[in-house]
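Rule-based calculations on the coordinates, nothing more; no lab input. What you see is a predicted model; the values in this text were computed from it and never measured. Using ideal geometry, Cβ is built from the backbone for each residue, glycine included, and neighbour counts are taken over all protein chains shown.
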Number of protein chains: 4
Amino acid sequence: MSMRAITTVPPGGGVKLSEVNEEKGDGIRVRTFRTGICGTDKEIAAGKLSFARPEIGNSLIIGHEAVGVVTESNGNYEFKEGDIVVPMVRRPGSCRMCRLGRQDYCEDGEFVEAGIRGKNGFMRDEFTEDPRFLVRVENKSIQDLAVLTEPLKNVMKMKEIFQFLRMRIPWYCEDSTLSCKNMYVFGTGTEGLLISIVFKTLGLNVIEVNRHPLDENVMNYLERNKIDYLDTSSEGIDKKVKDKPMDAAIDAVGSMDVLREITDNIRNNGIAIMFGTSGQLPSSNFDVLENLVDRNLTIAGSVDGAKAHYSDAVKFIETHGKVMEMDKLITGTYEPDNLKIFMEKEKQEIKKVIAWS
Amino acid sequence: MSMRAITTVPPGGGVKLSEVNEEKGDGIRVRTFRTGICGTDKEIAAGKLSFARPEIGNSLIIGHEAVGVVTESNGNYEFKEGDIVVPMVRRPGSCRMCRLGRQDYCEDGEFVEAGIRGKNGFMRDEFTEDPRFLVRVENKSIQDLAVLTEPLKNVMKMKEIFQFLRMRIPWYCEDSTLSCKNMYVFGTGTEGLLISIVFKTLGLNVIEVNRHPLDENVMNYLERNKIDYLDTSSEGIDKKVKDKPMDAAIDAVGSMDVLREITDNIRNNGIAIMFGTSGQLPSSNFDVLENLVDRNLTIAGSVDGAKAHYSDAVKFIETHGKVMEMDKLITGTYEPDNLKIFMEKEKQEIKKVIAWS
Amino acid sequence: MSMRAITTVPPGGGVKLSEVNEEKGDGIRVRTFRTGICGTDKEIAAGKLSFARPEIGNSLIIGHEAVGVVTESNGNYEFKEGDIVVPMVRRPGSCRMCRLGRQDYCEDGEFVEAGIRGKNGFMRDEFTEDPRFLVRVENKSIQDLAVLTEPLKNVMKMKEIFQFLRMRIPWYCEDSTLSCKNMYVFGTGTEGLLISIVFKTLGLNVIEVNRHPLDENVMNYLERNKIDYLDTSSEGIDKKVKDKPMDAAIDAVGSMDVLREITDNIRNNGIAIMFGTSGQLPSSNFDVLENLVDRNLTIAGSVDGAKAHYSDAVKFIETHGKVMEMDKLITGTYEPDNLKIFMEKEKQEIKKVIAWS
Amino acid sequence: MSMRAITTVPPGGGVKLSEVNEEKGDGIRVRTFRTGICGTDKEIAAGKLSFARPEIGNSLIIGHEAVGVVTESNGNYEFKEGDIVVPMVRRPGSCRMCRLGRQDYCEDGEFVEAGIRGKNGFMRDEFTEDPRFLVRVENKSIQDLAVLTEPLKNVMKMKEIFQFLRMRIPWYCEDSTLSCKNMYVFGTGTEGLLISIVFKTLGLNVIEVNRHPLDENVMNYLERNKIDYLDTSSEGIDKKVKDKPMDAAIDAVGSMDVLREITDNIRNNGIAIMFGTSGQLPSSNFDVLENLVDRNLTIAGSVDGAKAHYSDAVKFIETHGKVMEMDKLITGTYEPDNLKIFMEKEKQEIKKVIAWS
């Protein structure tokens, strides 16, 4: 069948709205409802993602953040017509962790990622999917918000790592809660904001950090969720931590200067989770080892998430979406032919989505 | 009473053999048998350890690696005359972790360390000690080796951290052992060698790494313990890891270039423990974040050890000291007045000790 | 000041609505809004709880499930007038775990419990409370439901234990979720139902078990929350587990016969958490050891919960209260003078509460 | 080829020394050196082990505790002629845990066990083995003691479980060690004694328990290893725990009365590991639930061990065999034709072994 799809020729980049043909195949047929655009999509469009590669031929359908509606279940009993579903990005290879369902911890890199490397993505009218890689959204009232599941699943894995790492010692306050602990979150894009609200629900005090004033909508969003903001262009982090010591940190920026800010300022026994990767080199040489060692720090990298985290993410949206006003995170809905959204950053942009149906 | 002691005036440095006077006090009286010299002692002597400070007055008795013999128990039932004992270095403050007996995870830095900061050390003929900070050596045949307890207790804490961190996922081979896993240990001083032999006993393949050929005695020591050696002045680590992939790494050097070698070369889901601190800045700017994130690495700093680790260290020496030829690690025994040993590095030096009695 | 209070003379039992006098004291003044009645209250009233004891004198104000409103903060900055608060039951002694804020893991039994042993409870018009033992309810729309916080905090601790115990091995399905795992919950009172809905949110299939048909309202409640029900008076559990293997179990009954049903039917590597205690002896001699050992089972007892669990419970009600229709769990609201509710069990009773204001 | 073998016809029982014929096959050829006899062998011989079954035909070669010497490596590079090896008992099925190398946590029971069920054992002159199921003994001086590897590997798994379970809370003394903790070990056969010495090396105080006076050699063995003994025929355990509170317990008996003694006497937050299974029913009805719950106990069953535990066991014998006088545990060495050793219990018997070469 023929349909619209946004394609690129990786790794060279560029995006166009194409008409593509596809065999339906055996799996679950899904009509795409919304796809989100993230930094990775923009990098692919700009030809900056070196590991982007097509599934077959030269052209790749992009898009890895998606929500759709089942149109044909093809005899599969787990899903039925009308189900709202979110497809997974990373598909397992054959390593030990992939066989355990934890391809987010793939040992050898032999996976493919829909819309990114080796597998067509979801920026198209329809797709056919193996039911193992679909996550159902039970509560249909969050159909719009469910496009946030994919970026949110990353945060759910970070939460798993954080909860694990703090078991090393009794990493909690004198009253057993986390209410005395301050977590600094670096980066105020979609991922940074999602990290902030998820860790806020653990009872931590969350301080968002960036190096410039925020757009008013982002500032308001943080305030309504009782998340503090530190603009390091007007106040040094070293000063802030005197008031609110940094007990933990998560980075969604990917700059070596952020790593330095963390190791310079975090307290003894601190936990840092690094998610961002931008290749931004440090502005000066520095030593993280002295603090890493003397302060008994733990720094864990975290990439992707397992199906369990997609499920957790859907549940989080179902239960917190309204009270935490997650609709405010979607700042623009566009038609598939509006390709300039891959190139431009709008005023007050958080997450832009494309409406397919 | 009057006795000999090696003193310094911190943080300015210098060492001299002094005659000091001391009230005996209430605790366990210990006659010093051996004290070890480590890099920290040499730094204090050279005036390079900025945080060195006296207990009272201007002068500090140095020495934190020690083994002694109880001469008076002063009514304390835990120890009796003739017991061989190792004193602990770090003494707790009042924070939550210190109160749990885990001053090695002190939260606020309000501890003192014998022979280093705020408390006189053990390079003297005798000292009086609180029984809480003495660890008994049951097997008297290791009296000579027990001076290695203090550096070895650091390794026992690293082992605790390693065993904890690998619980995150099934971090073991297809046959449940660690026999397929390679651990790279950076640094071939006493600490590096102790790390190597301890992790060897966990069933890992251990590869020691340094940037020069080793003295013959060190090379022989590694060989007899079936530990591989990589001299990066003759073979790149990137080449070595093709044969023996780096699954885990421990650093006892403290150079940012080592951190880079680790993050550049370690496999997915790798575990790195950083122990060394030398303030050596990187030779060029580099990005650790991409690998840290994409490979799901965990990097933990580790400093000091708890009493449990001193006990583990004593037990390790009792059970492995002979078969792992730990006596070969002590390469020189000197008189207290031979102060030039603080300044010089002998040919084939590993650990030098001072004989007090 | 003078106020109404429901008192007993422990351990003899009996309840009456008394007029009591109390000094206000220094803490936070709270006007009681609702108190819940649980099995423990009924046992105290019936004189069956041997460890019930007064705070002073002969008489004890009962009631440990409560929600109230702050009327005076007495200069304390953490709480202000109008705040909705839930008071904690167990107050720490001086053991190591109590000092860590984990009196739920008290090592020596030197705690008191409000409304049960050694401390007056909350079935009275007002009380003064140490702010350390008050948990704030941020979302005022759950003021009615917040009386469920206390029984729910027990479940939050069970969840902590469950999440810990399953780390022993990769205790999850091939797709990384828990969707293939069946948890059997024994007991269909308030605690059993709360256990069921909390573990349902983890993605497990939950099967409630009891030995009789359920009241229609309870049956409906389970159905709406997609929780299965097994009435063992009509179908054997051994038959049920052929369809839905028992991977985990939680008991809220306290009968040795339930322990047997669990160990007889649970799968290898099964996790069981025991919460109920009723002193019900087994109906026949039996051996749990063979299955416990051969199946590598883990059975953990769980009592009480820490402040962190009260906070988790409040958050659970805030986020799941509406969608999981937790209001259906409160089946009757009574005046304080209606003391017969301590003696009788109503048709369709789940949780009965007393309205104080 | 033809050789001697001790065979039975399961589950009926009986043992005889037979001449058997066997194809050599492709694996590693091993000449049996010693095999141990344990309770399971005696039960098979007595026809009491209902699950005993042959590999093919009607007859089973028994024997699962063994040590041998490689005679032909058949081109396999991991082993060479002369290597001392211990074969594993349980062989994996196809479940998830078996595929992870953890058949000791087999999920579905689809394993076989050499000498017990579905696979011929090692009481024969020679056998051919898959190298995956052989564990090498590096230190040839323990060739005699290595027959203890198989029973000891069970203890190594118990240690893994114990170390895991105590991470739930800071389960250690005020000085971070385990020196204030008492572990009661029930059962004074080979397994009980091995448990005692292994947990002694963790720094716990170990109290062995049985219901009768011990043979002099066993009593001496405990004394030399500083393990206390409680004979419950002369002193109640309730009295003993006043002096030495029971913090943890391990059972190698398998009687429900022992379970009761543990739950009646263990302290809050206690850890119990159950290894014994004898089907001994309780002497009276009793309730374990009240203590299990109110004291937050954790009770874990443990069966078998993984290859990692065999390796740990070999290392334990290599390092502790001499100092802990493990040779004293082998109380008799017999010829293969001396079949009455399966029926009789000698005076002072601990472990009896058969010498094959």
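The table below gives the values:
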item	result
Phi-based couplings in Hz for segment C:25-36 (Karplus 6.51, -1.76, 1.60; Gly and Pro marked x)	x, 9, x, 7, 8, 10, 8, 5, 9, 9, 10, x
Lysines whose Cα lies under 16 Å from that of C:K119, excluding same-chain neighbours fewer than 8 positions away	C:K24
Lysine pair count for segment A:154-301 [Cα-Cα under 16 Å; pairs on different chains or 8 or more apart]	11
Charge dipole magnitude, Cβ of K and R +1, D and E -1 - the protein assembly as shown, Cα centre, debye nearest 20	0
Straight-distance crosslink candidates among lysines, where the alpha carbon sits under 16 Å from C:K140 and sequence neighbours closer than 8 are dropped	A:K322, C:K80, C:K315, C:K322
Highest-first arrangement of A:70-76, D:348-354, D:128-134, where packing means the average Cβ count within 10 Å	D:348-354, D:128-134, A:70-76
Helix-only CD estimate at 222 nm, as mean residue ellipticity for the protein assembly as shown, using -39500 (n - 2.57) per DSSP H run (n ≥ 4)	-7000 deg cm²/dmol
Shortest-first nm distances, A:E138 label point to equivalent points in other copies (7 Å, Cα→Cβ)	2.3, 5.3, 5.4
Top positive-direction residue, dipole computed over segment B:154-301 with Cβ charges, set B:N269, B:Q163, B:P213	B:Q163
Charge tally in the Cβ shell below 15 Å around B:Y229, where Lys, Arg are +1 and Asp, Glu are -1, B:Y229 excluded	-1
Whole-Å semi-axes of segment B:154-301's equivalent ellipsoid (Cα gyration tensor)	21, 20, 15
Long-range amide H partners of A:A249 with built H, under 5 Å	A:Y184, A:I271, A:A272, A:I273
DSSP beta bridge pairing in chain C, given as percent antiparallel to the nearest 5	55
C-alpha long axis of helix B:256-265 to longest principal axis of chain B, angle in °	40
Position D:L339, label points 7 Å along Cα→Cβ, spacing to each other copy in nm (shortest first, one decimal)	7.9, 8.2, 8.6
Reciprocal mean inverse distance between Cα atoms of segment B:283-339 - Kirkwood radius, Å	16.2
For segment C:148-211 and segment D:79-136, distance of Cα centres in Å	36
Around B:D257: net Lys/Arg minus Asp/Glu count, Cβ-Cβ under 13 Å	-2
All Cα pairs of segment D:242-357, percent lying beyond 17 Å	71
Proximal lysines relative to D:K340, as straight alpha-carbon distance under 20 Å, when same-chain residues fewer than 8 apart are discounted	D:K16, D:K42, D:K48, D:K351, D:K352
Size of electric dipole in segment C:154-301: Cβ of Lys, Arg +1 and of Asp, Glu -1, about Cα centre, debye, nearest 20	420
A from B by rotation - nearest chain B beta carbon to the axis, in Å	B:I299, 2
10 °C / 1.306 mPa s Stokes-Einstein diffusion coefficient of chain C, Kirkwood radius on C-alpha pairs, µm²/s	75
Share antiparallel - DSSP beta bridges, segment B:154-301, percent rounded to 5	0
Over 64 Å [Cα-Cα, the protein assembly as shown], rounded percent	13
Net lengthening on full extension, C:L214/C:E78 (0.36 nm per residue, minus Cα-Cα)	44.6 nm
10 Å Cβ neighbours from other chains, averaged over peptide B:263-274	3
Beta bridge orientation in the protein assembly as shown: antiparallel %, DSSP, nearest 5	55
Other copies of D:I56: label-to-label distances in nm, shortest first, labels 7 Å along the beta-carbon direction	4.7, 8.5, 8.6
Selected from B:S141, B:S196, B:S283 as most flexible by GNM, with chain B as the system and alpha-carbon contacts under 10 Å	B:S283
Computed over segment D:1-128, Cα set: Rg, Dmax in Å	14.8, 41
For segment A:1-27 versus segment D:1-55, the gap between their alpha-carbon centres in whole angstrom	65
Chain D: angle of helix D:149-165 to the longest principal axis, Cα-based, in degrees nearest 10	40
With Cα atoms, 0 to 90° folded angle of helix D:190-200 axis to chain D main axis	60
